[in-house]
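S.K.: If you scroll down you'll find the structure; I have some questions about it.
The values are calculated or read from the model by the stated rules, or taken from the named source; none is laboratory data. Just so we're clear, the structure is a prediction, and the values are computed from it rather than from any experiment. Here Cβ is always computed from backbone atoms with ideal geometry, including for glycine, and neighbour counts include all displayed protein chains. With ligands, DNA and RNA removed, areas are computed over all heavy atoms of the protein, side chains included. Shrake-Rupley method; radii C 1.70, N 1.55, O 1.52, S 1.80 Å.
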Amino acid sequence: MDNLDTIVFYFLAALALVGAMGILVSRNIVRTAMWLLATLVAAAGLYFLLGAAFVGAIQLIVYAGGTLVLIIFGVMLTAKNPNVSYTPRTAEIVLGVVLCVLLAGALIFVLHGTAWPNNVKSVEEVKRMSQAQRDLVGPNNPDATESTGRRFLGDYLVPFEVLSLVLLAVLIGAAYLGRPKVPVIGAPRGVNPPPGQEGPRK
Amino acid sequence: MPETVDFIPFVNWPTWLEGLIVMAVVYFAFVSVLAMFFIWWERKVSAHMQSRLGPMRTGLWHGWAQSPADGLKLLGKEDLLPDDADKPLFRLAAYLAFVPAFAALVVLPFSAKFVFVHEMHVSLVFIFGVLSLEIVGVMLAGWASNSKWALYGAIREACQVVSYEIPMGLSLLAPALTVGSLSLAVIGANQGAGLHEWLMFRNPFLFVAFFVFFIASLASCKRAPFDLPECESELVAGFLTEYSGMRWAMFFFAEYTVMYIIGALTAILFLGAWYDPFGIILGMEQAGQSWAAAVAGAGVMVVKGFTIVFVQMWLRWTLPRLRIDQVMYVCVKVFLPASCITLIGSAAWQWLAGGLFQQITQIVLTVLGTAGGLYFVALLARALVKPGQGILPTIITSWHAEPAPAPVAPAAAEEGQANG
């Protein structure tokens, strides 16, 4: 089965790379979104291949099923012409290249500087590892989901809750921005702007 | 985790390539037959609900060959491509809608021993994640068609599915939380002892979660009364307007496959999975007849899945379509709070309830649920035996040729005119 794993890995990696290149090359924003879908699904596939099924499924739900759909939805609602295309300016290209080189450098630096638990080969070494490291090692480890949950609501409770507060703030902000600017007939109390503060009628 | 046997254990094939090909062929055949059967069945159900017979001529028995015949016809049709469409995306959309339905079946268990391809310890999350991709294909179809009807359909689809995913996901977590696993095999294996052990009857919150999940799943696979993306009375055919031939058929294959997946998922999560109501299959398992139990369980599972698909059809042909603002109202103001309460409630119930109180609640809910189910079966039976006295008498009488349509009450008539 090693053979199949290798082939699937290279297929998914190629899909992710081609998708990423497609995002850069294509000018039509919906096509860009489709290339993004290829990259996201390939990343989810890589997670599945590595045995991190939970992360893979969450990747599908959050990024492919959520974020991407919202991108396309936003384009649908706002674009006047279905064949919207986007031409970057020179300054934007230069800035983008600089950022990419920096990011790639940082990633390569981290890649070389980290002691990956997957390098651990012998059973003895696995036995000596902490539970957290074991979760990273074990393919198809059924406890990985549980320990992820415990870590979120245990060790990392404060960052987790702070993040949810940020999301709540975003939600309230969106609801505020989405309020009707002109009075709506039959709207519940408090939705309509107070008299004298209505925006211009469209 | 229980030991499972894959339907197609492709490790045993000489090379993985052969295994892959055989798997794909068997799998595709299964999905096609399932979808074609459901399409024929839906036509029969709709016909009988409207006092018609439906397809009768193709094939010898009740027009059973209508779906294959339609399939052949669609294969032979010209593959139309609008001039102004975004052609690569237009072609891609049909596959993007179909593949998720295909992929979700991979981890769907049929009984304690049978899983289609591979059992996974987070199969519940996997199915939910893969199904949430189906919408991308539909939106892309609407966008790439470059037609306003298709675009309206796609926008409705996006706004409806994205919203309903939340109550659906939350209400699906309630049974997972009660059992303490995200694996469908484990969730199913916990409900064997009899009707009162079915997750739906475990506590009042799960009882509510069942209905929230069922209705939200109707919306997320865009079945009536939530079929706004297609909405043939307003949008020609919604996102399907520009499609024809085999591409059009692929959207329908996806829809009917997803209907079965949703049905099976509802059965596993709430309705006792592959166990019968009397604990017979569990008894077989405990007596060591695990193969017999697995086969019987697969039969029970299919019966339950098909029953839920039948209920989906029944609803489609009896309920009028909702308006988009009603759809959003129901989601945001009713189902979202309800699903949050069911999730928190079942968590609290796990923690607090137990002993005699738990047993009494289970019995009460079981009696309540069974009585309700039997009432609906009785209604259906009456509608079938005596057309015109069924669930929605006026609709059925108006299709029934013999008696004159019931006179409309003056108040109702005025109201109808006022609504235009």
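S.K.: Could you pull the Cα extents of region A:1-89 along its three principal axes, largest to smallest, in whole Å?
M.R.: If we take the Cα atoms of region A:1-89, the spans are 50, 24, 19 Å.
S.K.: Oh, and also: Hey, how much of the P(r) for region B:175-327 falls beyond 29 Å, as a percent of Cα pairs?
M.R.: Everything past 29 Å amounts to 29 percent.
S.K.: Let me ask another. Which FRET efficiency value, to the nearest 0.05, do you get for A:Arg179 and B:Lys77 by plugging their Cβ-Cβ distance into 1/(1 + (r/R0)^6) with R0 = 51 Å?
M.R.: 0.55
S.K.: Ranked from highest to lowest mean number of other Cβ atoms within 10 Å per residue, what is the order of the peptides B:295-306, B:146-157, B:267-278?
M.R.: Ranked from most to least packed, the peptides come out as B:267-278, B:146-157, B:295-306.
S.K.: Same structure, new question: Rolling a 1.4 Å sphere over the protein heavy atoms, what is the accessible area per residue of region A:1-89, to the nearest Å²?
M.R.: Ligands and nucleic acids excluded, the result is 56 Å² per residue.
S.K.: So, one more: What is the gain in length, in nm to one decimal, between B:Gln350 and B:Ala381 on full extension, counting 0.36 nm per residue of separation less the C-alpha to C-alpha distance?
M.R.: In short, 7.3 nm is gained.
S.K.: At a 1.4 Å probe radius, carbon and sulfur cover how many percent of the accessible area of region B:5-352?
M.R.: 71 percent
S.K.: Determine, from the Cβ-Cβ distance of B:Leu374 and A:Thr90 and an R0 of 60 Å, the FRET efficiency 1/(1 + (r/R0)^6), rounded to the nearest 0.05.
M.R.: 0.25
S.K.: Separate question: What's the FRET efficiency of B:Arg91 with B:Phe30 using the Cβ-Cβ distance as r and R₀ = 25 Å, to the nearest 0.05?
M.R.: The formula returns an efficiency of 0.50 here.
S.K.: Just to check I understand the Karplus step: with θ = phi - 60° and J = 6.51 cos²θ - 1.76 cosθ + 1.60, what whole-Hz values come out for region A:27-39, glycine and proline as x?
M.R.: Per residue, the Karplus-derived 3J(HN,Hα) values read 9, 7, 5, 6, 5, 4, 4, 5, 5, 4, 4, 4, 4 Hz.
S.K.: Through the Karplus equation 6.51 cos²θ - 1.76 cosθ + 1.60, θ set to phi - 60°, convert the phi angles of region B:148-154 into ³J(HN,Hα) values in whole Hz; use x for Gly and Pro.
M.R.: Per residue, the Karplus-derived 3J(HN,Hα) values read 5, 5, 5, 5, 4, x, 5 Hz.
S.K.: Next question, about the same structure. In nm, to one decimal, how far is the B:Ile166 label point from the B:Phe37 one, both placed 7 Å along Cα→Cβ?
M.R.: Here the answer is 3.8 nm between the modelled labels.
S.K.: Let me ask something else. Can you pull out the buried accessible area for chains A and B, both sides counted, probe 1.4 Å, rounded to the nearest 100 Å²?
M.R.: 2700 Å²
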